[in-house]
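Novice: Have a look at the structure that comes next, please.
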Amino acid sequence: MSLEEFYKELSYVNTSRENRLKYANMVLNDMGLFPKLIDILFMVDDKVSYRAAWVFEFVCADYIYAIVPHLDKFTSNLKNSFRFCCTPRIKSM
């Protein structure tokens, strides 16, 4: 699957646990998608990047060693990540 095809697939990820698990299993069944997942994860200012983060979380929860070959790329790009869309929002009273 190309990066563009995988990007399109990730655009269908939603917040449901079942859905995120479905796409995480897609990556776990084809670890060739994992580097593409990281590439999409660090596409700053892209709404699909946080969807990739949801999938990334589920992949790593199931198989943390998936990230080991990609630690340099992952850690060097953390400084570019600034979306905090998944953090809880405090409602004003």
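Novice: Would you check which residues across the range 1-43 are under 13 Å from His70 (Cβ atoms) and over 12 Å from the mean Cα position of the chain (by Cα) and list them?
Specialist: Matches in the range 1-43: Met31, Gly32.
Novice: Can you tell me which residue in the range 1-16 is most open to solvent (accessible area, probe 1.4 Å), limited to those that are of a type in the set (Phe, Trp, Tyr) and in a helix (DSSP H, G or I)? First the steps, then the outcome.
Specialist: First pass over the range 1-16, keeping only residues of a type in the set (Phe, Trp, Tyr): 6-7, 12.
Pick out the ones that are also in a helix (DSSP H, G or I) and you get 6-7.
Working: Phe6: 0, Tyr7: 71 Å².
Among them, the one singled out is Tyr7.
Novice: Now a separate question. For the range 17-28, what are the residues that are open to solvent by 50 Å² or more (accessible area, probe 1.4 Å) and among the polar types (S, T, N, Q)?
Specialist: If the condition is that a residue be open to solvent by 50 Å² or more (accessible area, probe 1.4 Å) and among the polar types (S, T, N, Q), then Asn25 is the only one that fits.
The values are calculated or read from the model by the stated rules, or taken from the named source; none is laboratory data. Computed from a predicted structure; not experimentally measured. All Cβ positions, glycine included, derive from the backbone under ideal geometry; neighbour counts span all protein chains shown. Heads up: the accessible areas ignore ligands, DNA and RNA and are worked out on the full protein's heavy atoms, side chains in. Shrake-Rupley method; radii C 1.70, N 1.55, O 1.52, S 1.80 Å.
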